[in-house]
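Reviewing the structure listed below.
The values are calculated or read from the model by the stated rules, or taken from the named source; none is laboratory data. None of the values given here were measured: they were computed from a predicted structure. Cβ coordinates were reconstructed from backbone atoms using ideal geometry, including for glycine residues, and neighbour counts include every protein chain displayed.
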Amino acid sequence: MARALINVPAKAKRGEVITIKTLISHVMETGFRHTTMGVRIPRDIIDTFVCTYNGEEIFRATLHSAIAANPFITFHTVATESGTLTFTWSGDSQFSQTETANIVVE
Amino acid sequence: MKAARGTQRLALGVLLAALATLCSAAEIPLSERRSGYADLGRETKAMQDDDTANPGMLSVLEGEELWKTKSGTEVKACADCHGDARASMKGVAARYPAFDASRGRPVNLEQRINICQAERQQAKPSAYESKELLALTAFVAMQSRGEPIAPPDDARLTPFREAGRQLFFRRQGQLNLGCNQCHDDNWSKRLAGNLIPQAHPTGYPIYRLEWQSIGSLQRRLRNCMTGLRAQPYEFGAPENVDMELYLMWRARGLPVETPAVRP
């Protein structure tokens with residue numbers, strides 16, 4: 001299973017804008033490269049990233065070939081209530097990984 | 001036989017000492033030495049500084065898991081013998097390569113880990129540049145982050161360090177350049193788009209953006225040798241370890257940054 005690093009503040013004030021950072025290990029093979037023998041290396045990328053906040057989708061990204069290996073995605077949201085942020089990356093060869101992080105909103 | 005080799009070594013030592021005095025004029029004064037970090041762009045510095053943005057940390061995390069994984073016919077994990085790495089491995093990377101008495105020569109950190117895998121765990125040693133070995137090395141080396149590079153004061157290392165120094169100053173490859181001509185004489189100038197760093201091995205294994213992966217110091221050395229259109233030494237070759245030894249001595253006192261990010 002691929003490794004992921006997630007940075008969500010453990011605590012925030014209601015209404016505060018928070019920064020979320022995610023990093024996942026993935027080769028992001030473009031599909032355009034060939035081996036020294038001329039054989040095409042099949043595409044193997046993450047194509048979708050989704051973040052939900054207590055079940056509601058707050059961020060989505062579509063990724064393409066030529067995004068660097070180990071994609072780093074950072075974005076902002078408003079801390080509305082305590083709960084769970086869920087992050088899902090999915091892509092070629094049935095790749096799918098889900099991670100969660102909790103936040104306390106006061 | 002042993003005595004003969006000793007005399008040979010001594011003769012070589014004297015010759016090298018003479019050479020070293022000739023060359024030392026070109027060496028970077030201690031006060032002007034700086035890590036390749038100083039040459040990074042703002043974004044790359046930010047990437048290295050933030051453990052949740054530094055892709056080298058993915059490898060460190062993997063290494064932390066491997067540290068606790070039982071392996072080999074001894075069915076032992078690194079942690080079973082070494083306990084908490086934060087205590088037992090602190091400062092270790094700052095003093096490698098170190099002399100290995102049973103091999104009669106210095107070994108680098110990767111080789112040291114391999115020796116534990118083969119001899120202590122009775123497991124298959126990991127291949128050079130394998131994800132596994134890089135992960136363990138990154139995890140072990142990170143325990144020295146912030147510690148000054150402190151090559152051991154061990155006279156047995158001297159001839160090997162001198163051999164490494166000689167390799168550093170030797171002109172080689174179709175370009176007929178010595179490492180010193182770029183890294184001592186022209187650091188902070190540009191080679192096409194790249195800033196020439198002083199070549200201090202402060203952050204290995206590094207996450208190199210060009211590689212899109214983590215890699216060892218020897219991979220970096222092989223890159224520079226290929227750049228000179230010289231035949232690079234194999235991973236684990238004595239010449240590479242000797243060069244590591246010299247480079248660590250040259251960087252003495254600079255803090256360890258593992259896992260560093262480099263362009």
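Odds and ends about this structure:
- Consider the stretch B:38-58 and keep the residues that are under 20 Å from the mean Cα position of the chain (by Cα) and over 26 Å from B:Glu132 (Cα atoms). The one that is farthest from the other protein chains (Cβ to nearest Cβ) is B:Ala38.
- Residue in the stretch B:240-253 that is out of contact with any Cys (no Cβ under 9 Å at 6 or more places or on another chain) and within 14 Å of chain A (Cβ to nearest Cβ) present: no
- One residue from B:Gly236, B:Gly253 being closer than 29 Å to B:Asp154 by Cα and touching a strand residue (DSSP E or B) at 6+ places or on another chain (Cβ under 7 Å): B:Gly253
- Selection count, the stretch B:144-169, where residues are part of a helix (DSSP H, G or I) and either outside the structural domain of B:Tyr246 (by TED's automatic domain parsing) or more than 14 Å from B:Val241 (Cα to Cα) (or both): 3
- Per the listing B:Ile206, B:Ile196, the residue uniquely touching a Cys at 6+ places or on another chain (Cβ under 6 Å) and not assigned by TED's automatic domain parsing to the domain that holds B:Asp80 is B:Ile196.
- Of the candidates A:Phe75, A:Phe49, the single residue that is of a type in the set (A, V, I, L, M, F, W, C), in contact (Cβ under 8 Å) with a residue 40 or more places away in the chain and under 25 Å from A:Gly31 (Cα atoms) is A:Phe49.
- Residues in the stretch A:44-66 that are crowded, with 17+ Cβ neighbours inside 10 Å and over 13 Å from the mean Cα position of the chain (by Cα): A:Tyr53 alone.
- Residues being modelled with pLDDT under 95 and among the charged types (D, E, K, R) - total across the stretch B:190-209: 1
- For the stretch B:73-106, taking the residues that are under 27 Å from B:Pro148 (Cβ atoms) and of a type in the set (Asp, Glu), the one that is surrounded by the most Cβ atoms within 10 Å (Cβ to Cβ) is identified as B:Asp100.
- Checklist (1) more than 18 Å from B:Tyr246 (Cα to Cα); (2) assigned to a loop (DSSP other than H, G, I, E, B); (3) modelled with pLDDT of 95 or more applied to B:Ser59, failing item: (2)
- The residue that is surrounded by the most Cβ atoms within 10 Å (Cβ to Cβ), counting only those in the stretch B:115-134 that are within 23 Å of B:Ser213 (Cα to Cα) and over 15 Å from the mean Cα position of the chain (by Cα), is B:Ser126.
- Residue satisfying all of: in the stretch A:82-105; farther than 25 Å from A:Gly31 by Cβ and in contact with a Phe, Trp or Tyr (Cβ under 6 Å, 6 or more places away or on another chain); nearest to the other protein chains (Cβ to nearest Cβ) among these: A:Glu99
- Residues being aliphatic (A, V, I, L, M), under 15 Å from A:Ile103 (Cα atoms) and facing another protein chain (nearest Cβ under 10 Å) - total across the stretch A:1-19: 2
- Qualifying residue in the stretch B:139-160 (condition: among the aliphatic types (A, V, I, L, M), surrounded by fewer than 16 Cβ atoms within 10 Å (Cβ to Cβ), within 14 Å of the chain's Cα centre (by Cα) and closer than 20 Å to B:Gln218 by Cα): yes
- Selected residue [within 14 Å of chain B (Cβ to nearest Cβ) and out of contact with any Ser or Thr (no Cβ under 7 Å at 6 or more places or on another chain)] from A:Ala68, A:Ala79: A:Ala68
- Only residues that are more than 26 Å from B:Ala150 (Cα to Cα), within 14 Å of chain A (Cβ to nearest Cβ) and either buried (at least 21 other Cβ atoms within 10 Å of the Cβ) or not charged (D, E, K, R) (or both) were counted across the stretch B:181-237, and they come to 4.
- Enumeration of residues in the stretch A:3-48 that are touching a helix residue (DSSP H, G or I) at 6+ places or on another chain (Cβ under 8 Å) and hydroxyl-bearing (Ser, Thr, Tyr): A:Ser25
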